Amino acid sequence: MGVRIYNTATRQVEEFVTYVPKLARGYVCGITPYDHVHVGHGRVYVFFDMFRRYLEARGYEVRLVINFTDIDDKIINKAREEFGHDAYKRWKEVPERYIAEFFEMSNKLFIKPAHAYPRVTENVNEMVAWISTLVEKGYAYVAPDGSVYFEVGKVPNYGVLSRQKIEELIAGARVEPEPGKKNPLDFALWKSWTPGEPWWNSPWCPGRPGWHLECVVMSTKYLGAPFDFHGGGADLIFPHHENEIAIAKAYYGLDNFAKYWIHVGYLTVRGEKMSKSLGNVITLREVLSKYSGEALRLAYAMSHYRKPMEFSFELLDQAEEMVKTLYTAYDELSQAVADASDEDKEKLEYGKYIESFYAALEDDFSTPQAAQQLYGLARYIISTVLHRIDKASRQTAIDVLTQYVKMADILGVLERREIPKEVEEVIKAVVEARARLRREKMYQLADYLRERLAGIGVELHDFGQRTYYTYKRR
Ligand SMILES: Nc1ncnc2c1ncn2[C@@H]1O[C@H](COP(=O)(O)OP(=O)(O)OP(=O)(O)O)[C@@H](O)[C@H]1O
Ligand SMILES: [Zn+2]
């Protein structure tokens, strides 16, 4: 079966078919780097990382672009708070700091690098060129102060994504009519300069680009138009993504410049969206100083991406325990392969976990079910495969291990499985020595070695004559 995914543009779960076979091009709206990245942001980027890994496992080449909105009112305000009068000179330190943190946390979360990370400030010339074209085509107008607005009423079907009519949008949106705007829903493509703010030159006035335009220009610059999928948090559907579609429609004449619109539900704290403005933020730095990246990934995976996810430390504790089990199954099975025999004397029933895992992901990327199957397979390995390893063929043992790792790699939850070679050699030597002591009934000494190993995070599990170890990753 093919991949099926919910498309906000059609409000349906659809077959995922890319424009170019086996090439998936996607853009995810990036952070506005004015403060610490939090667990809510993490949910979005981990989701798209899992989706990307899944597509890659299905043989796609994935070209993923994530931007940084590195100039914005929030950044300017933060710079003023921090630097006072020097903000004008030093404002760039704010985005630099939080972009660095974004990368640091992405690493800790084992998020694979994107194809490109364009920044607004590096693409202003292209943005100015786009605005000129939009003005020429009659979709944008220049206000008396030199700001340029996009005229929403000029594009047919404005509101396709959020499924609202212009009149309803005007009534519902908290958009203030601004001087210079023809219609309250019109939005700025170019914002005129205010004293003390960073500015760039343009044919209209010194100023800076507007958010919605920025994402259209950066996505199509790196992915062409149309491209396959565009995503972000559910709060971006309106007005951000609606306006992106309108701009691209005006510029290219394309009905929709992205085929699939994929939106991730909110991460909540006591039912409310985690967000700076609500003051209920838990930073990724805090969580990842106490929990592994794999535990947080697994915690995310346990909620369906479109549903709200209530954050809690209990959830993380549970996920960390599960990750430990995943590693136990991996470590022990890797060692057990050597004890398998030449032919299958008993049949192992592991296929159903694998089939259900992929079936779940094919059906609108149900990571909760997939995670359950992966965990189920880990437990099956520990409770059954390891005990019967001498009744399974080496081929079967290797197959279970390979399939298990492949599944884990889609969710990205066994990312630290490599044990340093020297450490592995030392552990093996001690385990062998202990086995000899046990054969010679020198149990006290054998137990002493077990304790010493436990001290460095190595746990031993005896299966009759055989002993397998697990290694605690740090
Ligand atoms: N609590 C959350 N749950 C899910 N996604 C979120 C959450 N908060 C932000 N996002 C998403 O993270 C991405 C980056 O968002 P951005 O930097 O604009 O943050 P934001 O929405 O302004 O966050 P905050 O309100 O905390 O400042 C966007 O796709 C946004 O939808
Ligand atoms: Zn965007």
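The values are calculated or read from the model by the stated rules, or taken from the named source; none is laboratory data. Keep in mind that this is a model prediction, so the values were computed, not measured. Positions of Cβ are generated from backbone atoms using ideal geometry, with glycine treated the same way; all protein chains shown enter the neighbour counts.
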Examine region 258-277 for a residue that is within 16 Å of ligand 2 (Cβ to nearest atom), modelled with pLDDT of 95 or more and among the small types (Gly, Ala, Ser), and state whether such a residue exists.
-> yes
So how many residues does region 203-231 have that are of a type in the set (D, E, K, R) and within 11 Å of ligand 1 (Cβ to nearest atom)?
-> 0
Boolean, Ala397 is in a helix (DSSP H, G or I), of a type in the set (Gly, Ala, Ser) and either closer than 21 Å to Glu294 by Cβ or modelled with pLDDT under 95 (or both) | no
All positions within region 89-107 that are surrounded by fewer than 18 Cβ atoms within 10 Å (Cβ to Cβ) and out of contact with any Lys or Arg (no Cβ under 9 Å at 6 or more places or on another chain) = Lys89, Arg90, Lys92, Glu93, Glu96, Arg97, Ala100, Phe103, Asn107
Which residue pairs have Cβ atoms closer than 9 Å, lie 6 or more positions apart in sequence or on different chains, and pair a first residue in region 419-433 that is closer than 19 Å to Ala446 by Cα and touching a residue at least 12 places away in the same chain (Cβ under 8 Å) with a second residue that is surrounded by 14 or more Cβ atoms within 10 Å (Cβ to Cβ) and of a type in the set (Gly, Ala, Ser)?
-> Ala433/Ala446
Is at least one residue of region 232-251 away from ligand 1 (no atom under 16 Å from the Cβ) and either more than 30 Å from Tyr19 (Cβ to Cβ) or free of Cβ contacts under 8 Å to residues at least 40 places away in the same chain (or both)?
-> yes
Farther than 25 Å from Val269 by Cβ, within 16 Å of ligand 1 (Cβ to nearest atom) and either hydrophobic (A, V, I, L, M, F, W, C) or at pLDDT below 95 (or both): does that describe Phe48?
-> no
Failed item in (1) within 15 Å of ligand 1 (Cβ to nearest atom); (2) buried (at least 21 other Cβ atoms within 10 Å of the Cβ); (3) closer than 30 Å to Gly457 by Cα, with Ala336 passing the rest | (1)
Pairs with Cβ under 9 Å, 6+ apart, first in region 38-61 and closer than 15 Å to Pro113 by Cα and assigned by the TED database to the domain that holds Thr283, second within 16 Å of ligand 2 (Cβ to nearest atom) and in a helix (DSSP H, G or I) | Tyr45/Phe102
Among the candidates Tyr54, Tyr98, single out the residue that is in contact with a Pro (Cβ under 6 Å, 6 or more places away or on another chain), assigned to a helix (DSSP H, G or I) and of a type in the set (Ser, Thr, Tyr).
-> Tyr98
Exception for Glu418 within (1) part of a helix (DSSP H, G or I); (2) surrounded by fewer than 16 Cβ atoms within 10 Å (Cβ to Cβ) falls at (1)
Take the residues of region 208-235 that are aliphatic (A, V, I, L, M) and either surrounded by fewer than 21 Cβ atoms within 10 Å (Cβ to Cβ) or more than 11 Å from ligand 2 (Cβ to nearest atom) (or both): which is farthest from Arg43 (Cα to Cα)?
-> Ala225
Name the residues in region 64-116 that are of a type in the set (Phe, Trp, Tyr) and in contact with a Gly (Cβ under 9 Å, 6 or more places away or on another chain), would you?
-> Phe68, Tyr88, Phe102, Phe110
How many residues, within region 119-170, are closer than 17 Å to Glu214 by Cβ, out of contact with any strand residue (DSSP E or B) (no Cβ under 8 Å at 6 or more places or on another chain) and β-branched (Val, Ile, Thr)?
-> 2
From the list Leu189, Leu169, Leu161, Leu134, pick out the single residue that is modelled with pLDDT of 90 or more, under 30 Å from Gly26 (Cα atoms) and away from ligand 2 (no atom under 16 Å from the Cβ).
-> Leu134
Do we find that His240 is surrounded by fewer than 23 Cβ atoms within 10 Å (Cβ to Cβ), in the same structural domain as Phe68 (by the TED database) and at pLDDT 95 or above in this structure?
-> yes
Give just the number: which of (1) more than 16 Å from ligand 2 (Cβ to nearest atom); (2) of a type outside the set (Phe, Trp, Tyr); (3) at pLDDT 95 or above does His85 not satisfy?
-> (3)
